[in-house]
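Structure, as structure tokens:
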Amino acid sequence: MRAARFHPPQTIRIEEMPRPRPDGGGVQIRVEACGLCGSDLAKFVHRTATPGEVLGHEVAGVIEEIGEAARSALAERGARLSPGDRVVVAHHVPCFACHFCAHGNYSMCRAFKSSRLTPGGFSEYLVASADHAAHSMHAIPPGLGLDEATFMEPLACALKALPRLELKSGDLVLLFGLGPMGLLFARLLARRPGARLVGIEPNPDRRARAAPELLATFAPGDPALGDRVRAETEGRGADAVILLAGRGALVADALSLVRDAGRVCVFAASPGESAVPLPIDMLYYREIALFGSYSPNPAGFAEALALLSEGTVRVDDLITHRLPLDATPEAFVRAVRGEGLKFMIHPRGEST
């Protein structure tokens, strides 16, 4: 089969590799769609992917073969899946037994961090383990397209982060970064009664695309941003800030714009960036909560699929490029340049 493989320092090549088999009892999936995620780009840009690695984890496809262990796992959870069925599957699976899992910190589980689809979504076929079949593989609801179904995992990531913001009706939320994840957060937040959102984004096309969900958008460094935040909050500052861009300097911006006892969520990574000094007195005296949120909880997958299938959260308009597998190297380069919004790779060859 063909797959898009990473080679240092920053190259993606389409190469032949053996088709993975579900010999260990997993599920072989014919990949029909895989979204290009910001974490894929970070591994590419910062060269943290391993040589020969196949990236891509926002996967939707069709079951080709089910191994015995996976069949048993599916039967145990009451999931009736067979070859030919359309499925979406998330990349990581927790153990549900360790100290982290007992506390509900599934994305900190060591098994979660080490689990993978084999090889990755930018390939013609992959194998998901029996554990994936047990916990992170779901049938795609009728009427929901394969491309849209790939948003299950990123939407579940956003669903996990939102409760920790402890928002109330009428609260003002700032979104630093209006890429695909920023817009997913915006669309989820816009469903809340009295939602008030402001976006900060350097790309004017992305600012324009986000306009329907937001009170206003600003370019980074625009002095009018602080004025607008103060005007909207009687001078208090924003109730919450979500950082969706991996630049440490934005932490200082967030702290300057959030209200006393407000909350700042870091939903981005920047592997190449040095440490950012934090003003401890500000956190202490102003009682600001600063926290990170990484990856989804398994319980969020069903909710995310329901929101997508019901059309409650629209995602079709976020897909700006649909490309065949051969164009995966081009997709990485264009995405790094900030072109478009969401790149969808179709190993079967569709291009729009």
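Across the range 259-291, what is the number of residues that are in contact with a Gly (Cβ under 7 Å, 6 or more places away or on another chain) and without any contact (Cβ under 8 Å) to a residue 24 or more places away in the chain? Total satisfying the criteria: 0.
Every condition in (1) under 19 Å from the mean Cα position of the chain (by Cα); (2) assigned by TED's automatic domain parsing to the domain that holds residue 107; (3) without any contact (Cβ under 8 Å) to a residue 40 or more places away in the chain holds for residue 324 except the one numbered (1).
Is it the case that some residue within the range 252-273 is assigned to a strand (DSSP E or B), among the β-branched types (Val, Ile, Thr), farther than 23 Å from residue 223 by Cα and in contact with a strand residue (DSSP E or B) (Cβ under 8 Å, 6 or more places away or on another chain)? I'd like the intermediate steps shown before the answer.
Here is the first cut: in the range 252-273, the ones assigned to a strand (DSSP E or B) are 258-266.
Filter once more, so that each one left must be among the β-branched types (Val, Ile, Thr): 258, 264, 266.
When the remaining residues are screened for being farther than 23 Å from residue 223 by Cα, the result is none.
No, the range 252-273 contains no residue that is assigned to a strand (DSSP E or B), among the β-branched types (Val, Ile, Thr), farther than 23 Å from residue 223 by Cα and in contact with a strand residue (DSSP E or B) (Cβ under 8 Å, 6 or more places away or on another chain).
Checking the stated criteria, residue 162 turns out to be free of Cβ contacts under 8 Å to residues at least 60 places away in the same chain and either within 30 Å of residue 231 (Cα to Cα) or touching a Leu at 6+ places or on another chain (Cβ under 7 Å) (or both). When residue 312 is tested against (1) assigned to a loop (DSSP other than H, G, I, E, B); (2) surrounded by 14 or more Cβ atoms within 10 Å (Cβ to Cβ); (3) among the β-branched types (Val, Ile, Thr), just one condition goes unmet, and that condition is (2). Taking the range 123-178 as the range and being surrounded by fewer than 23 Cβ atoms within 10 Å (Cβ to Cβ), within 20 Å of residue 321 (Cβ to Cβ) and of a type in the set (Asp, Glu) as the test, the residues that pass are 124, 147. For the criterion of being in contact (Cβ under 8 Å) with a residue 24 or more places away in the chain, assigned to a strand (DSSP E or B) and aromatic (Phe, Trp, Tyr), residue 343 passes. Within the range 190-201, is even one residue surrounded by fewer than 15 Cβ atoms within 10 Å (Cβ to Cβ), of a type outside the set (A, V, I, L, M), closer than 30 Å to residue 57 by Cα and out of contact with any His (no Cβ under 6 Å at 6 or more places or on another chain)? Yes, that holds for at least one residue. In the range 141-157, is there at least one residue being charged (D, E, K, R) and out of contact with any Asp or Glu (no Cβ under 9 Å at 6 or more places or on another chain)? No, the range 141-157 has no match at all.
Return the residue satisfying two criteria in turn: it lies in the range 225-258 and is farther than 22 Å from residue 284 by Cβ and without any contact (Cβ under 8 Å) to a residue 24 or more places away in the chain, and of such residues it is surrounded by the most Cβ atoms within 10 Å (Cβ to Cβ). Looking at the filtered set, the residue picked out is 230.
Within the range 179-189, take every residue that is over 16 Å from residue 38 (Cβ atoms) and either among the aliphatic types (A, V, I, L, M) or in contact with a Gly (Cβ under 6 Å, 6 or more places away or on another chain) (or both) and give me the one that is surrounded by the fewest Cβ atoms within 10 Å (Cβ to Cβ).
Here is the first cut: in the range 179-189, the residues over 16 Å from residue 38 (Cβ atoms) are 187-189.
Now restrict to residues that are either among the aliphatic types (A, V, I, L, M) or in contact with a Gly (Cβ under 6 Å, 6 or more places away or on another chain) (or both): 188-189.
Working: 188: 20, 189: 22.
Looking at the filtered set, the residue picked out is 188.
Please go through the range 297-309 and pick out each residue that is polar (S, T, N, Q) and not in a helix (DSSP H, G or I). Step through it out loud before you land on a result.
First, pick out the residues of the range 297-309 that are polar (S, T, N, Q): 297, 309.
297 - this is the single residue of the range 297-309 that is polar (S, T, N, Q) and not in a helix (DSSP H, G or I).
Mind listing whichever residues of the range 183-227 are in a helix (DSSP H, G or I) and more than 20 Å from the chain's Cα centre (by Cα)? Within the range 183-227, 204, 205, 208, 211, 212, 224, 225, 226, 227 qualify.
Annotation note: Cβ proximity below 9 Å between a residue of the range 195-209 that is of a type in the set (A, V, I, L, M, F, W, C) and a residue that is at pLDDT below 95 and in a helix (DSSP H, G or I) (sequence gap 6+ or interchain) occurs for 195/213; 197/210; 197/213; 200/207; 200/250; 200/253.
Identify all residues within the range 269-292 that are out of contact with any Ser or Thr (no Cβ under 7 Å at 6 or more places or on another chain) and at pLDDT below 90; write none if there are none. I'd like the intermediate steps shown before the answer.
Our first condition is that a residue be out of contact with any Ser or Thr (no Cβ under 7 Å at 6 or more places or on another chain); within the range 269-292, this holds for 269-270, 272-292.
Once the filter is applied, which keeps residues that are out of contact with any Ser or Thr (no Cβ under 7 Å at 6 or more places or on another chain) and at pLDDT below 90, the range 269-292 yields 269, 270, 272, 273, 274, 275, 276, 277, 278, 279.
The residue of the range 207-216 that is surrounded by the most Cβ atoms within 10 Å (Cβ to Cβ), among those that are touching a helix residue (DSSP H, G or I) at 6+ places or on another chain (Cβ under 8 Å) and under 16 Å from residue 181 (Cα atoms), is 214. Residue check: residue 77 meets all listed conditions (1) closer than 19 Å to residue 152 by Cβ; (2) in contact with a helix residue (DSSP H, G or I) (Cβ under 7 Å, 6 or more places away or on another chain); (3) crowded, with 19+ Cβ neighbours inside 10 Å but one, namely (3). The sole residue among 52, 56 that is within 25 Å of residue 346 (Cα to Cα) and touching a Ser or Thr at 6+ places or on another chain (Cβ under 8 Å) is 56.
The values are calculated or read from the model by the stated rules, or taken from the named source; none is laboratory data. The shown structure was predicted, so the numbers you read here are calculated from the model rather than taken from an experiment. As a convention, Cβ positions derive from the backbone with ideal geometry for all residues, glycine included, and neighbour counts pool all protein chains shown.
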